[in-house]
Each structure stands twice: as C-alpha cells, then as structure tokens.
Amino acid sequence: MRKGVIMKTSYRTHTCGELRLINVGQEVKLIGWVKSVRTHGGVVFIDLRDRYGVTQIVTNDSFFREITKESVISVIGTVKERTSKNPNLPTGDIEVHAKKISILSKAHKIPLDLSEETTSSDDVRLKYRYLDLRRNIMQKNIILRHKIVKYIRDFLNDKAFLEIETPILSKSTPEGARDYLVPSRKFPGKFYALPQSPQQYKQLLMIAGLDRYFQIARCFRDEDLRADRQPEFTQLDLEMSFVNQDNVLSLFEELMIYVFAKLGIKLKTPFLRLSCKEALERFGTDKPDLRFGLQITDVTDVFKKSSFRVFVDEINSGGVVKCINFKFARLSNKQIKKLEELVKKKGAKGLAYLKYDNEVSGSLSKFWNEISDDLEEKIPVDRGDVLFFVADKWKTACESLGQLRLALFELVKETPELKKAYEKHKFIEEGFKFLWVVDFPLFSWSEEEQRFVSEHHPFTMPSQDFVDILKDSAKRKEWTNKLDKVMSQSYDLVLNGFELASGSIRIHDSELQKAIFSILGLSDEDISAKFGHMIEAFKYGCPPHGGIALGLDRLVAIVAQADSIREVIAFPKNKNAFGPLESTPSKVSEQQLKELHLKPDTKMND
Ligand code: ASP
C-alpha cells in the first residue's frame, strides 16, 4: 500500500522511517520516542522511533546519556552516512548528528516489557495498552486491520454497496445470546439493548429498497467468555436484495479473493463447498481445518459381522464405527491413553486402536485377523500407523474423532520428524484454506431448553421443499417430532478451522416468519411484542433477500497469525470482559442509578 504523504509540521521535516543516503547533508527535524540509548566512548546513540520507523541519532552531549526510554524528544541535526551500516534497518545507511535535542515529554519508568516477545502478563498489557500498542508487532496488526477494512470498502463500493450505520441503542429480542442492556432515564423500567448484530435493521434496509448494504458493525453479546471471545466485536455485515444463495456465495468469495490479493496472497479457488453432513462425516466438525489432510473413514461394514461384540451391539442399536489413521505416528501407550481421555470428554464411550509396528498390537488386535482384509482395503496402512476407532451414534462418533483429529494436528506440529514426514506427503499444509459449508438444518434440539431452537437465527429461509410444510399448520404438526430434518438456505465460510462468516437467505413472507416464531415457542403476544415491527414490515413489499456477516477480528487475527483476537483489537477487554485500562465496568453514583430508576443492589457494595 502507498505509505501516504506525511504532512510536514513545525515539529518535523521527516518521519523516523524516511531518511536515506540521498538525504545526506540535509538539516532535518525529527520527533519521536526514545527506543534505546547506548554510549560508546563519550558518544551517545539514541534510537528514535515513530510509527514509520527508527532513526539513529548521534550526540556528544553526555547529558542525554541519562534520557529515559520512551520519552518524546525533538531533534534538529544533519543527516550523515554511517560508517558501520545496519542492513536490517531501512534507515540503516544514515544517522542524524544532533545540533539540538529538546525533551518534550520525559517518560517515567515504563511498567511493562516493550520488547517484541513481551514477558508482561495480558492484564498488564491491557492496563497500559497505549504503551503495548507502541510495540512493532502491535502497530503492524493495527495497520493490517486498517488495510483489510479499506480493501473491503473499496471492493464493496465498486459493487454498488452502500455503507449504512444502524442503531447501537436497539431492542432486546429473545432468541440469541444474552443482551447488554441500557436502562432508560426517560422511560422508567424500560431498557434499550445493544445490538447482537444489525440483523433486523439490514433486512429493513432491503425492504426500504436500498438493495445492497454493508457496515463495519460493532456487535455486543453478554456471553460467558469462552477462550477467545470479546463482549464487543466487529462484523463485516452485508445484505443484498434479489439474490439466491449462489449469488451471495460468489460475491463474498470474490471479496475474499480481492482482499487477500491486495495483501499479496493468492487464494486457491473456487473454494471447496461441503454440506454440513459431509463436513461432519469427513472431518468430524462443521468447521474443518483443511490444512491437515487426515480424514475420517466409515468402517461400520468392516465390523458388522465381526465377533467384536461391543462394536456389533453398537451397530445393531443404530450406531456406526468411524476410524482415523494417524499415519507414521509411533505413539507410546501413554500418549494413546491421553488421546482416549480427550475423545471420552467429547462424549464417546471409548477409543479403540490398532498399532502397526513389527506386529499389530492394540485393543483391537485380537480381532485383527478377521477384519484386516476389509479394513486395509478401505484404509491403506504403513508401518508406524495407528488406527483409532470410535463406535457410537453417528454424530458422537464423528465429533469425537473430529476432536481427536485436531489433537493429532497439534501433535504433528510439535513433533519435528513427524511434521517433516507430513509435509513431504502433503498431509499438512500452510496457508489460508477456505471452504463453504452449506445445507445446514433449520432447527436443532436444545437439551438445555427442551425445545427446538434456530440453528442460525429465526429469519433464515427454510429450503424450498419445506416452505409449504412449515406454513401449513396441519402439515407442521405432522413434522413436530422431526423438525431437525428441515433444511435451511444458510451457509458458513470456514477458514483454517474457524467459522469466519455465516449467513442465509431470509424469509420475506410474514406468514412463514410467524410460523417459524411459533415453532420456536413464541406465543402470538410475544411475536407481536418482540417482532411485530418485522412482521408488519414484511407486509409492505419485501424483496427476496439474503446476506452474510464476517468476524472481522478473527479474519485479521488469522492473517496476522496472532493467537488471539485481542492482538488485533486496539482496546479489548480481558478474558473476564473487564477493561483493565479504565477499570470498567465500574460503580456509578446513587444519583445516576436514581435517574435511571434503578435501586442499588446489595452486591453493589462488593
Ligand atoms: N446476523 C447474523 C449473525 O450475526 C449473520 C447473518 O445472518 O447475516 O450471525
């Protein structure tokens, strides 16, 4: 990207990343932060840093020996060619011999480790985020984020999309995660909700005839923060009128190709498309990481007539047997035990295995003679391989081996010889592996709530075959117990094992929308209180429409190879949704509570 022209001001003639040999002899004025100070036989060398780079300043004034790191100083001096050049620095051929140095802001001792591999804890980094952001890696991440957003805007602008803002003070709706609520001063006892996504607004914009919308939208969800989540995060949110699923997928795929090309990365196209069922069958998850080549194979037939009762009983009660071959693994029994525990955590009853060494050992070795021909026809084996088996209900068997597959991926990455062998056979690849996962069910059964819930969200259009069934109340009844068989027009974009984006074609018919809400357990009163505005809007000429939303933080984190989305957000919260920088959330005064018609809680004194 073009660096952009930096305006000359009375503070500087150049940035700290700008000077080269052609500037030798010029008098310049620089300003920046003191990155480091070194003294060599009476001469003081200061590395002066700003966003654009580092320039070496030289002075004979021993006063500056004591200058504290991270102070802001201004330097007037002459550019000279260095006698010993630094090839690692773009400005490494020159240095500035200072005539005058002024200290503009003297820094206190810095409370965190500003080196690239900082040793400071996450909370210390977040408390002093404005210092943490001075680190080169953090600046790179923030700049990368800016570029990605810019490329997205450029592309969508060229495709006639309009960038439209939607409200942050929105309305609480059931279905979805927990809302962040904002009490109203004007309406006692009433609350706004911060949007979990602009879903309803973007659909209303389609009804408004705006045809193509996007937004870099902040979303808020008050969920328990598992692993790498943030209470507020950013989506690229997008909606289009008069489109089918293929239209949305191709537009979005083109957008990804464009953004990555701008970043100098050529993506493999077209993106693979898998049905949700096939993704589970082959990879044990609906967000497969295609950088790892090992896949799951169904071996139910192999065991059907075997004398291994445990598997046969499972098959006879409707279960399946799935297998994954951990190539060249040479695992110890202890490692195998650990993997078994992992699979059990995912709900599988156990993990059987066959270890191919000089001889075949393992928990299934007793049955090896009877199954080996059929098995090895399906799964070619080499010495060193370990075959893992799970016999269970289809979903449990797939998902538990899916978890195992990911654990094996980690194991390969951290075992150098194995990694080498996997690279050689192309079982493991670097890069950005995108795929579309399609054909999701419309509903899934929630054990917790003992009812059907939307797999995506309640505005998702069912597959065409199910539209008439769901609209007709008599037919709907017949389907009550098999609603999980109803399919939807929704899709996910997966990148390196992360669900990067998801979307759907939407319902545009108020009758069908009402039917879906009632299947989800909402009474007529609930529907009109919570979603009446949507049902009504659908009555006034609603175009067929669909869209998608992409997790921007995640996209940037994957491109930046950061291990957490916090690394690509300027001011994130910590893992407990707490902001160590400004100490938020914080108490408010009783007066403020009173204005909001809220009573202090006893817990508030904690
Ligand atoms: N609003 C949806 C979400 O946040 C995405 C979409 O359907 O466009 O998951």
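The values are calculated or read from the model by the stated rules, or taken from the named source; none is laboratory data. Model, not experiment: these values are computed from the prediction. Because the Cβ atoms are built from the backbone with ideal geometry, glycine has one as well, and the counts that use them run over all protein chains shown. Just the protein is used for accessible areas: all its heavy atoms, side chains included, with ligands, DNA and RNA removed. Shrake-Rupley method; radii C 1.70, N 1.55, O 1.52, S 1.80 Å.
Looking at (1) away from the ligand (no atom under 13 Å from the Cβ); (2) over 22 Å from the mean Cα position of the chain (by Cα); (3) open to solvent by 20 Å² or more (accessible area, probe 1.4 Å); (4) of a type outside the set (A, V, I, L, M, F, W, C), find the lone condition where S184 falls short. The one condition S184 does not meet is (3). Selection of the stretch 438-452 for residues being out of contact with any Lys or Arg (no Cβ under 8 Å at 6 or more places or on another chain) and within 21 Å of D509 (Cβ to Cβ) yields F440, L442, F443, F452.
Scanning the stretch 208-245 for residues that are more than 11 Å from the ligand (Cβ to nearest atom), open to solvent by 30 Å² or more (accessible area, probe 1.4 Å) and part of a strand (DSSP E or B) yields R212, I216, R218, E232.
For the stretch 521-550, which residues satisfy the criterion of being over 17 Å from D211 (Cα atoms) and within 16 Å of the ligand (Cβ to nearest atom)? Once the filter is applied, which keeps residues that are over 17 Å from D211 (Cα atoms) and within 16 Å of the ligand (Cβ to nearest atom), the stretch 521-550 yields F531, M534, L550.
Among the residues making up the stretch 106-126, those that are surrounded by 15 or more Cβ atoms within 10 Å (Cβ to Cβ), over 23 Å from the mean Cα position of the chain (by Cα) and over 20 Å from R49 (Cα atoms) are S120, V124. Evaluate the stretch 434-452: report whether one residue or more is modelled with pLDDT of 95 or more and charged (D, E, K, R). Yes, the stretch 434-452 contains at least one residue that is modelled with pLDDT of 95 or more and charged (D, E, K, R). Scanning the stretch 452-484 for residues that are touching a helix residue (DSSP H, G or I) at 6+ places or on another chain (Cβ under 9 Å), in contact (Cβ under 8 Å) with a residue 40 or more places away in the chain and more than 16 Å from the ligand (Cβ to nearest atom) returns F452, V467, L470, K471, S473, R476, L483. Can you list residue pairs whose Cβ atoms sit under 8 Å apart, with the first residue in the stretch 199-225 being farther than 28 Å from D154 by Cβ and the second being within 12 Å of the ligand (Cβ to nearest atom) and open to solvent by 60 Å² or more (accessible area, probe 1.4 Å)? Count only pairs 6 or more apart in sequence or on different chains. Sorted first by the residue in the stretch 199-225, then by its partner, the pairs are R221/G176.
In the stretch 146-181, what residues are of a type in the set (S, T, N, Q), within 27 Å of V559 (Cβ to Cβ) and either more than 16 Å from the ligand (Cβ to nearest atom) or modelled with pLDDT under 95 (or both)? Of everything in the stretch 146-181, just one residue is of a type in the set (S, T, N, Q), within 27 Å of V559 (Cβ to Cβ) and either more than 16 Å from the ligand (Cβ to nearest atom) or modelled with pLDDT under 95 (or both), namely N157. The residue that is farthest from A397 (Cα to Cα), among those in the stretch 246-303 that are assigned to a loop (DSSP other than H, G, I, E, B) and among the basic types (K, R), is K266.
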